[in-house]
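Since the structure comes first, as structure tokens, the remarks are kept for the end.
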Amino acid sequence: MVVSFKNLTPELLELLREKYPNGWNDYVIKVNKSETDFFHAVMLETDEASYLVKVDVKIDARPKDDDDILDSVISPTVDSADDIADTTDVVVDVIADDSAADL
């Protein structure tokens, strides 16, 4: 039986929460109705019936390409020797803490 998540009875909602306590993201399946029409659902089984519960799925319309991922993870590159000189002028002072000696 196919039923929309919005139309579940309180009892079926509770069973769904029990079956997927950490969410159903890893259990969503795509059900093709025709070549161009489909819906997403999760399975829910009871003693009386088996359900395909239609759920809304948000899909990122623009997948990130490798360059976008790398740009968000890797810091900018150094373009010239002047940039290197600017970064070497940083001085770090280390202050000894007596409490560290206890470790």
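The values are calculated or read from the model by the stated rules, or taken from the named source; none is laboratory data. The structure presented is a predicted model; accordingly, all values stated were derived computationally and were not measured. Neighbour counts run over all protein chains shown; Cβ positions are idealised from the backbone, glycine included.
The table that follows gives values for the structure above.
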item: Residue pairs meeting the criteria (Cβ under 8 Å; at least 6 apart or on separate chains; first within 15 Å of Phe39 (Cβ to Cβ) and modelled with pLDDT under 95, in region 1-26; second of a type in the set (D, E, K, R) and in a loop (DSSP other than H, G, I, E, B)); result: Phe5/Asp56
item: Residues being loosely packed, with under 10 Cβ neighbours inside 10 Å, in a strand (DSSP E or B) and of a type in the set (Gly, Ala, Ser) - total across region 29-61; result: 1
item: Verdict on Asp26 being part of a loop (DSSP other than H, G, I, E, B) and exposed (fewer than 10 other Cβ atoms within 10 Å of the Cβ); result: no
item: Verdict on Glu11 being closer than 18 Å to Met1 by Cα and either part of a helix (DSSP H, G or I) or in contact with a strand residue (DSSP E or B) (Cβ under 6 Å, 6 or more places away or on another chain) (or both); result: yes
